[in-house]
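Please treat every number below as a calculation from the coordinates, not as lab data. Only a predicted model underlies this, so the values are computations on that prediction, with no experimental measurement involved. Here the Cβ positions follow ideal geometry from the backbone for every residue, glycine too, while neighbour counts run over all protein chains shown.
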Amino acid sequence: MLGMNTPPRIIDVGCGEGLLASQLEDFEEYIGVDPDNSGIHTGNSALSAKVKFIRAGVENIPPSVSHADIIVSSLNLALWDDPIRRCIDLRKRLSLGGRILIIDLLRTGSRIEYAASNELNQFLIDQHNASLTPEDLKVLCRKALPGAEISTFTDNRETIVPTIDTASDYGNLFFINYQEA
Ligand SMILES: C[S@@+](CC[C@H](N)C(=O)[O-])C[C@H]1O[C@@H](n2cnc3c(N)ncnc32)[C@H](O)[C@@H]1O
């Protein structure tokens, strides 16, 4: 995995139901961290003894969670209290040569000002409004994850492709790939 010689130890921040654990082929340990009371697995997962879940936000991951080779965050960075501060904190949890991989929505348009007529649309509007702009993303990487590679992708409804321009009716995503020297 990612050129690593041994199966990695993984922390999945904002893991939700921990779906990632079921999709990984090989790892030494997977720790899913999420503050939510409902979706998260409760620790007696049938997946494997190597899988653990901890109820916590990125802001209060307990010190007992040890170092990781990969820290991943999918679709929750924009919900953190202070992404720059938390990325700096997460780096301290990385093993030498470890990686932080973050994927989230990229806000390319302006904030959406109207209220939605149903809960799902309201959720998507809230996500859009909370999401990072390309400028926010650059500042985050410069201050907290120097040297990170940033890729952007566009959802064109049929598939997700590398972004050619910033316009999309369906949404844009960014992917940060940071490696600790
Ligand atoms: C859209 S879901 C993404 C779940 C999963 N990572 C995925 O990609 O399917 C966002 C998750 O972020 C969690 N979350 C919200 N605030 C958080 C925080 N401050 N720190 C960590 N996770 C948070 C929510 O509880 C929710 O499970």
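Assorted remarks:
- Between 87, 151, 110, the Cα set farthest toward the positive side of the dipole of region 76-181 (charges on each charged residue's Cβ, about the Cα centre) is that of 87.
- As a rough footprinting exposure proxy, the listed residues 114, 178, 30 were ranked by other beta carbons within 10 Å of their own, and the order from fewest upward is 114, 178, 30.
- When peptides 144-157, 9-22, 71-84 are ranked by their average number of other Cβ atoms within 10 Å per residue, the highest-first order is 9-22, 71-84, 144-157.
- Working from Cα pairs under 8 Å separated by at least six residues, relative contact order for the chain is 18 percent.
- Dipole magnitude of the chain, debye to nearest 20 (Cβ charges: Lys/Arg +1, Asp/Glu -1, about Cα centre): 580
- Cα lying deepest toward the dipole's positive end in the chain, options 5, 130, 162, charges on Cβ: 5
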